[in-house]
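See below for the structure under consideration.
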Amino acid sequence: MTLANVIGAFGLAGAAGLNAYIPMLIVAALAKVGLLELREPFDMLASWPAIAALAVLGIIEFTADKIPAVDHVNDVIQTFVRPAAGAVLFAANTGAVTWLDPTLALICGLLTAFGTHSVKAAARPAINAATMGIGTPVISLAEDIASALTTLLAIFAPLLMVAFVALLALAGYRLVRRARRVRQARAPQTAR
């Protein structure tokens, strides 16, 4: 079970890199209803005040991330929030793993979430430019769905989550390549 926890922790941290509040809210809700056990100090996520705060912050991010230009400001702000959420989720999911140092768990979660967030933040301007902003809400909603599915798979089926994330990475890579090609095709030809 401990290897599954570690694999799931990477999934939770990666999901936090897309949207900090969706995985935290799912983990908090599952812990609140008893489907997930969180050890101290992470059990405070399942408190009603924490759940309410996560829901409000989640709604704000959900909305801000769908608006062109505002999504860029949101990504700048989230550069600090998403890695922190990833660190907390990674450490919370590996709390029962005795061989993993808690500091290392926090660092792994922070780096995983930051890596996912960096790819998202770097790809979004290319997608916005290629679609003239029309694709922003569609891509954002797809990221939110991917974050939720990755979170649920990380908790309930960590090995299946690995395959899902690999498919997401491939789809994302192809989408960004296509967006760059469209943007380059629209760019005016330079004088030769």
### Summary
Picking from THR150, THR116, THR136, the residue that is in contact (Cβ under 8 Å) with a residue 60 or more places away in the chain, of a type in the set (S, T, N, Q) and farther than 30 Å from VAL6 by Cβ would be THR136
### Task
Scan region 53-73 for residues that are more than 17 Å from PRO23 (Cβ to Cβ) and part of a helix (DSSP H, G or I) and report the count.
6
## Note on the structure
The condition from (1) outside any helix (DSSP H, G or I); (2) more than 21 Å from ILE145 (Cα to Cα); (3) not charged (D, E, K, R) that ALA50 misses is numbered (1)
#### Entry: Residue within region 80-96 that is under 20 Å from ALA157 (Cβ atoms) and either without any contact (Cβ under 8 Å) to a residue 12 or more places away in the chain or surrounded by fewer than 16 Cβ atoms within 10 Å (Cβ to Cβ) (or both) present
yes
### Message
Among the numbered criteria (1) assigned to a helix (DSSP H, G or I); (2) within 27 Å of VAL119 (Cα to Cα); (3) at pLDDT 90 or above; (4) not β-branched (Val, Ile, Thr), which one does ALA29 miss?
### Response
(2)
## Note on the structure
Picked from region 15-59 (must be surrounded by 15 or more Cβ atoms within 10 Å (Cβ to Cβ) and not aliphatic (A, V, I, L, M)), the residue nearest to ALA169 (Cα to Cα) is GLY17
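The values are calculated or read from the model by the stated rules, or taken from the named source; none is laboratory data. These numbers were taken from a predicted model, which means no experiment stands behind them. In this analysis, Cβ positions are derived from the backbone assuming ideal geometry, glycine residues included, and neighbour counts consider all displayed protein chains.
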